[in-house]
Amino acid sequence: MGKRREKLTEFTSSWYDYDYFANPEGKEFRRANGSIERWGYRNPEAEWRGAEEIVKAWKTIFKPKNLLEFGAGRGTMIAYARDVGIEAEGFDFSEWATSDEGRYARCRREWLKCHDATKPWPYPDDSYDLVVGLDVMEHIYESDLDFVISEMYRVARKYVFLEIATVNGVNEKGYILKKGEPIPLATDGRTWAGHTTVLTEQDWVNRLENEEWWRRRDLENWFVGLVPEPVIHNWLLNSIIILSTVDAP
């Protein structure tokens, strides 16, 4: 099993399977020294109570009528957004996460579809008040980033909310994996999460630059002030980036 996985040269939909999302024991992998370890969300029910605080903050700050989440996983955030009156839907790359078996129990089938973010998004221009991407940008190959970002901006009408796993660039070094090259599963445990593009926050800000969109640090600070710190502790260790159109309030 270890040798077969060492030859992996691209993360496909099948990587994001039951073991990745739901297996209480996690996804098994072998280190270079031969030791066996496990990684995964280990969340059989796809439940996260912190979602309630987050979607309430989104409603307070953005006042969205509707929301699109790309890289939505099993649809947990979509269901919670619906609880507070936001017409939320989304998509994910994983066939398992979006299936009847994998989907969060309170997320209806019609709210979550299987779609690859690197292919044209099946939504009209300017169709969502808020577009959300949580722990997804780092899963996108660098060669696909420009397309994904352009699609994200195309379908967003007012706001974009991103939470991205980043490094500080000092004692934490990032990396960029390329399609077709062996993935260093045995030597870098971060790759087991499916992270292909690991950058600093400033690197992401540079990639997201667009003359019609601007970063909203005021809204980022508002969000952090609204949500209890324990709920978003891990997010604060990474990067929260909020963008809006130049004419958004």
Checking LYS27 against (1) modelled with pLDDT of 95 or more; (2) buried (at least 19 other Cβ atoms within 10 Å of the Cβ): exactly one of these is not met. Which one?
(1)
Looking at region 84-103, which of the residues that are of a type in the set (A, V, I, L, M, F, W, C) and assigned to a loop (DSSP other than H, G, I, E, B) is most open to solvent (accessible area, probe 1.4 Å)?
PHE93
Every listed condition ((1) open to solvent by 20 Å² or more (accessible area, probe 1.4 Å); (2) farther than 20 Å from SER13 by Cβ; (3) within 15 Å of the chain's Cα centre (by Cα)) holds for VAL131 save (1)
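Looking at region 171-224, which of the residues that are part of a strand (DSSP E or B), open to solvent by less than 90 Å² (accessible area, probe 1.4 Å) and not aliphatic (A, V, I, L, M) is farthest from GLU53 (Cα to Cα)?
TYR175
Looking at region 230-239, which of its residues are in a loop (DSSP other than H, G, I, E, B) and open to solvent by 90 Å² or more (accessible area, probe 1.4 Å)?
PRO230
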Quick check on my filter: what residues within region 34-83 are in contact (Cβ under 8 Å) with a residue 24 or more places away in the chain and part of a strand (DSSP E or B)?
GLU37, TRP39, ASN66, LEU67, LEU68, GLU69, PHE70
Got at least one residue in region 104-124 being in a strand (DSSP E or B), among the hydrophobic types (A, V, I, L, M, F, W, C), free of Cβ contacts under 8 Å to residues at least 12 places away in the same chain and open to solvent by 10 Å² or more (accessible area, probe 1.4 Å)?
no
Can you tell me which condition GLU163 does not meet? The list is (1) free of Cβ contacts under 8 Å to residues at least 60 places away in the same chain; (2) open to solvent by less than 50 Å² (accessible area, probe 1.4 Å); (3) acidic (Asp, Glu), and all the others hold.
(1)
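Could you identify the single residue in THR200, THR196, THR187 that is within 30 Å of GLU37 (Cα to Cα), of a type outside the set (A, V, I, L, M) and touching a Leu at 6+ places or on another chain (Cβ under 6 Å)?
Working: THR200 fails: touching a Leu at 6+ places or on another chain (Cβ under 6 Å); THR187 fails: touching a Leu at 6+ places or on another chain (Cβ under 6 Å).
When all the criteria are applied, what remains is THR196.
Does ASP144 satisfy the condition of being at positive phi and at pLDDT 95 or above? Break it down into steps so the answer makes sense when it comes.
Working: at positive phi: no; at pLDDT 95 or above: yes.
So ASP144 fails the test.
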Of the conditions (1) open to solvent by 20 Å² or more (accessible area, probe 1.4 Å); (2) in contact (Cβ under 8 Å) with a residue 24 or more places away in the chain; (3) not in a loop (DSSP other than H, G, I, E, B), SER150 fails just one. Which one is it?
(2)
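The values are calculated or read from the model by the stated rules, or taken from the named source; none is laboratory data. Computed from a prediction, not measured in an experiment: that's the story for all the values here. Glycine gets a Cβ as well: all are built from the backbone with ideal geometry, and neighbour counts include every protein chain shown. Quick note on the areas: whole protein, heavy atoms, side chains included, nothing else; ligands and nucleic acids left out. Shrake-Rupley method; radii C 1.70, N 1.55, O 1.52, S 1.80 Å.
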